[in-house]
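The values are calculated or read from the model by the stated rules, or taken from the named source; none is laboratory data. All of these numbers come straight from a predicted model, not from anything done at the bench. Positions of Cβ are backbone-derived with ideal geometry, glycine not excepted, and every protein chain shown enters the neighbour counts.
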Amino acid sequence: MMHGTEKASDWVERWTHLLPPNSRVLDIACGAGRHMRWLASQGHRVQGVDRNPEALTLAQAFGPVTCADIENGPWPFEGMTFDGVIVTHYLWRPLLPHILQCVAPGGLLIYETFASGQASIGKPSRADFLLQPGELLSATKGLRTIAYEDGFELSPDRFVQRIAAVREVANSAFERWHLRAI
């Protein structure tokens, strides 16, 4: 199965209700667009980015896509912000500041990837691709954490770290709306 054709992550499905209607959302390392599909079905305008052109041919059915090697090339979204930014099963630490800069004031970040301990049960096993305890909390310290998990889960067995966080704007309509929605 090509990455991105499976069902959307439960974590993404759980927290996307915090996005205001018709939000503009960036899906980073989108693969074939499983989260793009979910977000588009919820009425959001989705932009995907991945380096795999074959996967992007599937993802483009759900919104515009950008084919880019974001680890070795320029960041294609410099100066752009989105109402939501989604990242799952992807970690490239040098990009974390760029990813966070893409979260607009009042915007939502949903991030989920593998954590330390994963190497003891399977792939990925390289430390470069595994978050250390509390690392995602530290990396997103400028955002307001709505939900955070760090640990082991069953079915599928994996060590995972995930966060849902917002870039606060004092007295914003989004803040009032999402606080009622939680």
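List of remarks:
- Restricting 112, 175 to those that are acidic (Asp, Glu) and modelled with pLDDT under 75 reduces the list to 175.
- Taking segment 45-134 and the strands (runs of 3 or more DSSP E) fully enclosed by it, no element has 2 or more residues that are surrounded by fewer than 16 Cβ atoms within 10 Å (Cβ to Cβ) and out of contact with any helix residue (DSSP H, G or I) (no Cβ under 9 Å at 6 or more places or on another chain).
- As for segment 10-23, it holds no residue that is out of contact with any Gly (no Cβ under 9 Å at 6 or more places or on another chain), at negative phi, in contact (Cβ under 8 Å) with a residue 12 or more places away in the chain and among the small types (Gly, Ala, Ser).
- The combined condition, being of a type in the set (Ser, Thr, Tyr), surrounded by fewer than 16 Cβ atoms within 10 Å (Cβ to Cβ) and either in a strand (DSSP E or B) or within 14 Å of the chain's Cα centre (by Cα) (or both), is fulfilled by residue 145.
- Condition check for residue 45: free of Cβ contacts under 8 Å to residues at least 24 places away in the same chain and basic (Lys, Arg): yes
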